[in-house]
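**Student:** Quick one: the structure is below, questions incoming.
The values are calculated or read from the model by the stated rules, or taken from the named source; none is laboratory data. What you are looking at is a predicted structure, and each value in this text was computed from that prediction instead of being measured. Backbone-built Cβ (ideal geometry, glycine too); neighbour counts: all protein chains shown. For the accessible areas, the whole protein counts, side chains as well, though only heavy atoms, and no ligand, DNA or RNA atoms are used. Shrake-Rupley method; radii C 1.70, N 1.55, O 1.52, S 1.80 Å.
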Amino acid sequence: MSAWSVANFGLLNWLLLLLPLLQGSSAALAPTPATTTLTTTISPSNLLPYFDFDVPRNLTVTVGQTGFLHCRVERLGDKDVSWIRKRDLHILTAGSTTYTSDQRFQVLRPDNSANWTLQIKYPQPRDSGVYECQINTEPKMSLSYTFNVVELKAEIYGPSDLMVKTGSDINLTCKIMQGPHELGNIFWYKGSEMLDGKNENEIDSSMARILVEDDWSDGLTSRLKIKRAMPGDTGNYTCVPTVAKTSSVYVHVIIGEHPAAMQHNSSSNSNSFYCGICCMLLSIVSCCLQHWYVSAAPAETMAALLLLPPRQLSHATASASAASVATTSSARPRNSSSSRPQSGLTLVQCVR
């Protein structure tokens, strides 16, 4: 093989090695074909609204305390929100318009806000129930709320009439059981005068004669203590809570024994005496009518007997009975027996 052939063979090998590189560079220099990108625009009207579930949906209030049901709707768009009372399907509000004549119901919505709050003023127990927040989509979307109205009442422990001796302490305890939320405060009144447990003349609270202590550990408890009671402390004491009905007790500050209690007993004894008299007279009339057929006394005598006082009636009845027995004995044989009872005996028994 000649030198020229060897040189050509070497050149050919180099060309074969460089060919892939030349093809890669030509591909890189070739123009890139145009690509088409499709962008889809989603309109807000195509998205459905939805409720925000992170709101309280079980609300309990006391009578007269305004209630608020919060409904938050996101991505509302051109839809409206309505409030429905579930028990009668009554539409209370639609949008910002109220559709009930009951002015206690109103929807609250700040401008461009997602909150649609149903306000219920001066609620009563009859307002308790389920309320729905609805969106007028197709089909409708709704979220239920439970509204409870409870009636709290304060209670003063002990009798409604309290007897306290002069010089002793007056201790009154008023309590409200646990309510739906903060129970507020309790104020004490004697008549129309509020007792705040403060006295400008008493620098040391331990020396104050009137003390008020409140405890929120189990419900709300308020204790009124009046030291060294005096007759002037007699009166009506009322426990007045801010969220519940009031409760009252009448305190009698007495000297020595219990004149008020004795007066009550005297009145009771008097009533018992008159009741006994009435019962006795009714018994007499009943006995006399029942055994009238065996009596020998005329009707005029019996009428006069019924009008006599009890003591005179007893003597007159005994005399009439004796006369009746004598008349009956003379009118029939001595050895005859009768199964009928003697009238005089019956009348005396009735009187007794």
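**Student:** Of all residues being part of a loop (DSSP other than H, G, I, E, B) and either open to solvent by less than 50 Å² (accessible area, probe 1.4 Å) or acidic (Asp, Glu) (or both) in segment 48-63, which is nearest to Ala244 (Cα to Cα)? Just the residue, please.
**Tutor:** So the residue we want is Val55.
**Student:** OK, next. Limited to segment 88-98, what total is found for residues that are polar (S, T, N, Q) and assigned to a loop (DSSP other than H, G, I, E, B)?
**Tutor:** Of the residues in segment 88-98, 1 are polar (S, T, N, Q) and assigned to a loop (DSSP other than H, G, I, E, B).
**Student:** Oh, and also: For Leu76, are the conditions met, namely being at pLDDT 90 or above and closer than 30 Å to Ala154 by Cβ?
**Tutor:** No: the conditions fail for Leu76.
**Student:** Out of the residues in segment 128-160 that are in a loop (DSSP other than H, G, I, E, B) and without any contact (Cβ under 8 Å) to a residue 60 or more places away in the chain, state the one that is nearest to Ile91 (Cα to Cα).
**Tutor:** Per the criteria, the residue is Asn136.
**Student:** Out of segment 95-113, which residues are within 20 Å of Pro49 (Cβ to Cβ) and out of contact with any Asp or Glu (no Cβ under 6 Å at 6 or more places or on another chain)?
**Tutor:** Matches in segment 95-113: Ser96, Thr97, Val107, Leu108, Arg109, Pro110, Asp111, Asn112, Ser113.
**Student:** Could you name every one of the strands (runs of 3 or more DSSP E) located completely within segment 216-260 that has at least 1 residues being at pLDDT below 90, surrounded by 18 or more Cβ atoms within 10 Å (Cβ to Cβ) and not basic (Lys, Arg)?
**Tutor:** Strands (runs of 3 or more DSSP E) meeting the threshold: 220-226, 235-241.
**Student:** Take the conditions at pLDDT 90 or above, touching a strand residue (DSSP E or B) at 6+ places or on another chain (Cβ under 7 Å), of a type outside the set (A, V, I, L, M) and surrounded by 16 or more Cβ atoms within 10 Å (Cβ to Cβ) and apply them to Lys165. Does it pass?
**Tutor:** Considered against the rule, which asks whether it is at pLDDT 90 or above, touching a strand residue (DSSP E or B) at 6+ places or on another chain (Cβ under 7 Å), of a type outside the set (A, V, I, L, M) and surrounded by 16 or more Cβ atoms within 10 Å (Cβ to Cβ), Lys165 comes out as no.
Results for (1) part of a loop (DSSP other than H, G, I, E, B); (2) of a type outside the set (A, V, I, L, M, F, W, C); (3) surrounded by 13 or more Cβ atoms within 10 Å (Cβ to Cβ), shown as yes or no for each residue.
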position	(1), (2), (3)
Cys71	no, no, yes
Lys79	yes, yes, yes
Thr100	yes, yes, yes
Gln106	no, yes, yes
Asp111	yes, yes, no
Leu118	no, no, yes
Pro123	yes, yes, yes
Arg126	no, yes, no
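**Student:** Right, another one. Regarding Thr66, is this residue over 15 Å from Val130 (Cβ atoms), loosely packed, with under 15 Cβ neighbours inside 10 Å and β-branched (Val, Ile, Thr)?
**Tutor:** Criteria met by Thr66.
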